Amino acid sequence: MKKSNQNLLKALEEYGYPLFGPETKMDPNLVLSELVERKDPRLLEGFPVVLAHILAKPDTLFDLGEATKNLKNILDRKLLRALYRLSCELFKLYGLEFPKLKYKDMAYDAKLADNLLRGVPLHLENETMDSKRLKQTFLRYVVERKEQLRNRVEEDSKLKEEFRKEYLLSLLLTPRQKELVDKKLKLQPFTKTEREYFSRVVKKKLRALADPDLHRLAQKTLSM
């Protein structure tokens, strides 16, 4: 197998485990194979992170059999499958589901699952891994990042809805009228002049906006 620290580090960035370097494209099966072959503890603990990001990419194909074929050493092949099983246990532990995950390739390992849950050292073939560090790494690069992305999407959605509402209101109300509507919704007190203006002008516009017949008329007109 061709060795290239530069290519591997760039590929790790692409698949969610950034150590150094910009993003680049690299065969995901080859990335995971190289992680195994190098036997670097820091890279091995990032295996579940990289696999999770690979599985989450809709345009990325991962095949455990193909990844295994990249390894000539029988012990490396066993380690790859062990890391794959370990990754699946981590996914289940944190409630992550991937449609592309092939559970038929994985025999359930009750001892591995229990050791992972209890935070004791994990023995995978000739490698020993710190399960606590492993979970911390996975939480940092997958679970917490996924939650951050979800929150960001929700915030963006709320912001877009707010902008949409503001735009539509600006077509019907003046800035001063929008200010009074906002003040009313926040239950803030009106001055005498504001109260009179709201009652005489703004309330009439709002009643027109809320009228179901007018709403149906607008929808019918727009659909023609």
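Taking Leu79 and the conditions (1) at pLDDT 90 or above; (2) surrounded by fewer than 22 Cβ atoms within 10 Å (Cβ to Cβ), which numbered condition does it fall short on, given that it satisfies the others?
Only one criterion is unmet by Leu79, namely (2).
Restricted to segment 27-62, and to residues that are in a loop (DSSP other than H, G, I, E, B) and over 14 Å from the mean Cα position of the chain (by Cα), which residue is surrounded by the fewest Cβ atoms within 10 Å (Cβ to Cβ)?
Once the filter is applied, the top-ranked residue is Asp59.
Can you pull out every residue in segment 184-197 that is under 18 Å from Ser170 (Cβ atoms) and surrounded by 10 or more Cβ atoms within 10 Å (Cβ to Cβ)?
Lys184
Against the conditions (1) among the charged types (D, E, K, R); (2) surrounded by 15 or more Cβ atoms within 10 Å (Cβ to Cβ); (3) at pLDDT 85 or above, where does Lys132 fall short? Just the number, please.
(2)
So which of Val36, Val49 is β-branched (Val, Ile, Thr) and more than 14 Å from Leu139 (Cα to Cα)?
Val36
Restricting attention to segment 70-85, does a residue exist that is of a type in the set (Gly, Ala, Ser) and either closer than 23 Å to Asp130 by Cα or under 21 Å from the mean Cα position of the chain (by Cα) (or both)?
Yes, because at least one residue in segment 70-85 is of a type in the set (Gly, Ala, Ser) and either closer than 23 Å to Asp130 by Cα or under 21 Å from the mean Cα position of the chain (by Cα) (or both).
Picking from Val143, Val153, Val201, Val181, which residue would you name as being surrounded by 12 or more Cβ atoms within 10 Å (Cβ to Cβ), in a helix (DSSP H, G or I) and modelled with pLDDT under 85?
Val143
When both residues are 6+ apart or on different chains and their Cβ atoms are under 9 Å apart, which pairs have a first residue that lies in segment 187-201 and is of a type in the set (Asp, Glu), and a second that is surrounded by 14 or more Cβ atoms within 10 Å (Cβ to Cβ) and in a helix (DSSP H, G or I)?
Taking only residues 6 or more apart or on different chains, the pairs are Glu194/Leu180; Glu194/Lys183.
Residues of segment 204-221 being farther than 29 Å from Phe190 by Cβ and surrounded by 11 or more Cβ atoms within 10 Å (Cβ to Cβ), which ones?
Passing the criteria: Leu217, Ala218.
The values are calculated or read from the model by the stated rules, or taken from the named source; none is laboratory data. Note that the structure is predicted; figures quoted are calculated from it, not measured. Please note: Cβ atoms are built from the backbone with ideal geometry, for glycine as well, and neighbour counts cover all protein chains shown.
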